[in-house]
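What follows is one structure encoded as structure tokens, with my remarks underneath.
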Amino acid sequence: MISMELKTNDRVELIDITDVVQEAVKNSAVENGICVISTRHTTTSIIVNENESGLRSDILSLLERFIPADADYSHDRIDNNADAHLKAVLLGSSQSIPILCGRLLLGTWQSVFFAEFDGPRNRSIEIMVLSQR
């Protein structure tokens with residue numbers, strides 16, 4: 001397993017990590033298998049979608065409409081970041097992507113994103129590359 005450090009810049013943002021993940025797959029020398037990308041932070045997520053600025057903005061706007069930062073959440077009495085936890089729950093903490101011929105098997109427009117909901121912070125992602133036997 002590879003652990004990669006990441007510094008986020010905003011409270012809420014999507015960071016394209018596709019190249020970092022693809023480099024980990026390349027360095028693993030696995031030709032066919034699966035790549036699991038995960039985050040151990042409870043206010044972050046890993047997602048796959050199109051890397052288009054309007055869509056990235058739409059994703060974050062949708063999450064804010066569904067889970068507004070200023071609602072009266074019980075957890076806010078402790079950390080004032082309940083919305084970040086709830087957004088992360090909705091999107092999930094990991095993605096599994098097939099590997100074929102030494103490359104991530106992503107669609108033409110798909111990218112892998114690290115989603116930050118409680119930044120800016122120093123974060124990490126874990127990448128595990130498993131070979132098909």
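Some observations on this one:
- Based on Cα contacts under 8 Å between residues 6+ apart, the chain shows a relative contact order of 54 percent.
- Using alpha-carbon coordinates, inclination of helix 53-66 to the longest axis of the chain, degrees: 50
- Note on the chain: helix-only mean residue ellipticity at 222 nm, from DSSP H runs of 4+ residues weighted -39500 (n - 2.57) and normalised by residue number, equals -8000 deg cm²/dmol.
- GluC sites (Glu not before Pro) restricted to region 37-76 and DSSP loop, no more than 13 other C-beta within 10 Å: 52
- Rg/Rh ratio calculated on Cα atoms of the chain (Kirkwood radius): 1.01
- Charge dipole magnitude, Cβ of K and R +1, D and E -1 - region 2-131, Cα centre, debye nearest 20: 320
- With Cα atoms defining each centre, region 77-124 and region 19-61 are spaced 7 Å apart in the structure.
- For the chain, the longest principal axis of the Cα atoms and the long axis of helix 82-91 meet at an angle of about 30 degrees.
- Normalised Debye scattering of region 37-112 at q = 0.20 Å⁻¹ gives log10 I(q)/I(0) of -0.94, counting only Cα atoms as equal scatterers and leaving out solvent.
Coordinate-derived values only; no laboratory data. These numbers were taken from a predicted model, which means no experiment stands behind them. Positions of Cβ are backbone-derived with ideal geometry, glycine not excepted, and every protein chain shown enters the neighbour counts.
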